[in-house]
Structure formats: structure tokens, C-alpha cells
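To start, the structure itself, in C-alpha cells.
Read-outs: derived from the displayed coordinates by stated rules, not from any lab. Bear in mind that the values here come from a model prediction, so they are computed numbers and not experimental data. Here the Cβ positions follow ideal geometry from the backbone for every residue, glycine too, while neighbour counts run over all protein chains shown.
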Amino acid sequence: MTDPELPTEAREFLSDHFPERVPVFDGTPAERDTVQSMVATVADSLHDNVGELGVALDFLIVAEELSQVDGWRSGFDPDITTDDIFDRYDTKDTKTLTVLYDGNQYGIRSVQNEIRDLFIYDLRRTNFPSSPGHHTGNWRDYSDLLEQAFRLSRSGRFEATVRLFEVGLEKLQEKRLESREPAFPTPFSAVVREYERSHPDENGGLAFQAIAYGYSKAEWSHLSFRASKVRTGSSRQNRYGDIDGFLGPDLMISVEVKDLLIDESNVDGELGTTIQLAEDTTTVPIAMCRELSDGARNHLRSRGVEPLDDGDLLSELRRWDYHKQNRAVQATLHYLANVEENPDAVQRFLQFIEEVDEDNRALDHLID
């Protein structure tokens, strides 16, 4: 087979439907005129009738498939008419064109489906018609193209198919989504995965509680949140958990934060109040822990508490775009600066953000 200058996907389509070796097209002037007529007809109408491109290709491929099992169409014949075609072949009684030969069916609808997917998904010509039934059902409107496809020799059909692909690629606008380079960072994922949660100048659990606050604010942005400094008992602050989310006067979620492994040995001791909250209220209680054993996870769920550990959180963050991740980063900073009121913790966190999101606007507050 000759090697046309077409995208790989189009060349693979040709390989699927034509023999490995197709003679170089060196047709008579009459055959060249036939090829040119097909191409010009489709090109002239492409702006108003994109579907004609697909139907022309359908006819060429069905004619080629038949020529491979029936020697009737081995060479160019300028005198073939639609009557000759249907005298030669029976057709299946369907709206679309399906030719019967030697117990097999050769239909334009399956070819059209393949061409549609090729143009829309592989070649990114999204204005190619996506409803193949409309044009294949009206195939009789294109009888001139049908005759021309069956008049051509194999090399003529190959030439016409290649040139029609070139017309489609030239005249149908490509739709391509440009990749952003460099890609958007995922700063909050990096915080959960890499940020050092302990520091000599910070209360134990501070970093994780700030992360939990940042996550909650980004995930439930419609709620108003109450939280206090770490090491401050929730009962003293008239809170239910470490982080409570309200809609108006109603408590909607309550997050208990535990920066440790929770397993069967400590689940009730560490999260008993959260379990009680699940039993006594309609609030959604969440146990946000560094790590959860399977037994503890199942126990919490059976008592109405939603378990969430680092692994769960990282899986969820894969679905967050940069802007949602950044909202969580900003909320984490808000907690450190305005709830915990720890300037050193703010600076430590900003130093980390500088490494994973160097253009983050919050870095205006980083002290060199």
C-alpha cells in the first residue's frame, strides 16, 4: 500500500479496508475525472452538508469490500449505473443501504459508524455528524456518488478515499484542548502527603487539625464553621467536635480529628463522643484520622460515623482541581493564623507551599 500523508489513525483505517499493496494510481483521464468529480462534489458542499463526506467514503469502502470477493469490480468502468449495481446485488430490506453477496452483508451503516468515530474522536473533527442514521438513511439522495464509487478501480477508490480524507481534514476545524504546561499544581494533596505534622514549637495535632479545617471548608463551602485552638476541649467551647459545620442554626457536620492510628483497641476511647453524636442527632459525624484499621473503620460505619484517613483523603483529592485544592490551602492558613494564632506555624506552612506552588498568592505573607 502506498503511504499517504495522513494521520496515523486515518492510515490505519485505510489498512483495515484495502489490501496491503494497492497499485499506484495511474488511471485514464476518464477515471481521473471521476475521482476529481467525487472530491469536488463533496468539497463544494462540505460547508452546508458535512454528511456527504461520510456517505461518499461509505460508498467507496463498500465497493472496495465487494471487489475483494467479487471480481466484477476489478477495473475502471465509466458506464456503470445504479441499475447495474442492483441488478448485480440483492439488498436487505432496511432503510440504509445493505448489499447481499454470497451469504454476507456489506452495509454502509457500519462503515459510517467507524468513520464517525474516526473523525470525531481520533481526528478531533467534532463537527462531523454524530447521527449516522440520518445520512445513511437518505443514501438515495447521493446516487451519483454511489455510481462513481463503483465505477472506479481499486487504485482509483484508494485515491478518492485518500483525497476525501484530505478534504475533511483541511476543511473541518480541529477541536483540541491545549494542555497546560506546566500542569496545575496540587498543593493540598502535597500537604496531606508530605507536610511534616510535628514541630517542636507547635502543639501536638496542630498541623493535622489545620489540614482537617482546610479540607472541611473546601468540601462543604456552603457551611459556616466553628473551631478552636488545639488542646481546647470542645465542651468548654460549646462545640460538638473539633470542627463543626452549620447551616443557619443547624449542625450539619461535625469532624473529630485524631492524628494517630485508630484501631479496635482505641476506637471507642478516642471516638466515643463522635459515636454518641451519631446515635443522638441527625448530624453527619466524621472521624478524620491519620490511619484507620479495617476493624475500626467497619466499627465506625456500623455506628453511623463516616471514617476518613489519609488514604481516603488522597483518593478524594485526585478529583479536586487546582482551585478547590487552593481553597483548602487558604483555609488551612486561616486556621493557623486566625484560629490557632500561631505566626511561626503560618511561616512554616508557607515555606512548604512555596516548594509545591511557587506562584500561590498567599506567599505574599511569607517572611524572607
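Structure values in brief
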{"quantity": "P(r), alpha carbons of segment 187-266 - 10 Å bins starting at zero, rounded %", "calculated": "17, 44, 33, 6"}
{"quantity": "Helix axis angle, 154-171 relative to the chain longest principal axis, alpha carbon, degrees", "calculated": "40"}
{"quantity": "For segment 25-122: rounded, prolate or oblate by the Cα gyration tensor [a/c cutoff 1.5]", "calculated": "oblate"}
{"quantity": "Segment 187-365: antiparallel DSSP beta bridges as a percent of all, rounded to 5", "calculated": "45"}
{"quantity": "Normalised convex hull volume, the chain, alpha-carbon set, Å³ per residue", "calculated": "240"}
{"quantity": "Packing-based ranking, highest mean first, of 210-217, 252-259, 192-199 given that Cβ atoms within 10 Å are counted", "calculated": "210-217, 252-259, 192-199"}
{"quantity": "Residue 262 long-range amide H proximity, modeled H, under 5 Å", "calculated": "291, 292, 293"}
{"quantity": "Ascending count of other beta-carbon atoms within 10 Å, so fewest first, for 222, 135, 334", "calculated": "222, 334, 135"}
{"quantity": "Sequence-separation-based contact order of segment 8-171, relative, with Cα cut under 8 Å and 6+ spacing, percent", "calculated": "38"}
{"quantity": "Net charge contributed by nearby residues that have their C-beta within less than 9 Å of residue 201 (K/R +1, D/E -1)", "calculated": "-1"}
{"quantity": "Paramagnetic reach from residue 201 (point 7 Å along Cα→Cβ, amide N under 17 Å) across segment 327-368", "calculated": "336-338, 340-354, 365-368"}
{"quantity": "Over the chain, relative contact order from alpha-carbon pairs under 8 Å, at least 6 apart, %", "calculated": "15"}
{"quantity": "Global form of segment 8-171, assessed from the alpha-carbon gyration tensor, a/c cut-off 1.5", "calculated": "rounded"}
{"quantity": "Mean separation of Cα contacts under 8 Å, 6 or more apart, over the residue count of segment 198-327: relative contact order %", "calculated": "19"}
{"quantity": "Charge sum, other residues only, whose C-beta stays under 14 Å from residue 27's C-beta, Lys/Arg counted +1 and Asp/Glu -1", "calculated": "0"}
{"quantity": "Least to most buried among 310, 244, 141 (fewest other Cβ within 10 Å first)", "calculated": "141, 310, 244"}
{"quantity": "Computed helical MRE - 222 nm, the chain, DSSP H runs ≥ 4 contributing -39500 (n - 2.57), nearest 500", "calculated": "-14500 deg cm²/dmol"}
{"quantity": "Local electrostatic count, residue 267, Cβ distance below 13 Å [Lys/Arg +1, Asp/Glu -1]", "calculated": "-4"}
{"quantity": "Computed lengthening from residue 49 to residue 368, 0.36 nm per intervening residue step minus Cα-Cα distance", "calculated": "108.5 nm"}
{"quantity": "Global form of segment 6-50, assessed from the alpha-carbon gyration tensor, a/c cut-off 1.5", "calculated": "oblate"}
{"quantity": "Among 335, 304, 314 the positive-end extreme of the charge dipole of segment 297-341 (Cβ point charges)", "calculated": "304"}
{"quantity": "Relative packing of 339-352, 284-297, which averages over residues the other C-beta atoms within 10 Å, highest first", "calculated": "284-297, 339-352"}
{"quantity": "Of the trypsin sites (Lys or Arg not before Pro) in segment 1-94, those whose Cβ has at most 13 other Cβ within 10 Å and which sit in DSSP loop", "calculated": "21, 92"}
{"quantity": "Residues of type lysines that residue 229 reaches as a straight line, Cα spacing below 22 Å, ignoring anything fewer than 8 places off in the same chain", "calculated": "217, 258"}
{"quantity": "Likely footprinting exposure, 309, 33, fewest C-beta neighbours within 10 Å first", "calculated": "33, 309"}
{"quantity": "Antiparallel content of DSSP bridges confined to the chain, in %, to 5", "calculated": "60"}
{"quantity": "Point-charge dipole on Cβ atoms (K/R +1, D/E -1) for the chain, about Cα centre, debye to 20", "calculated": "940"}
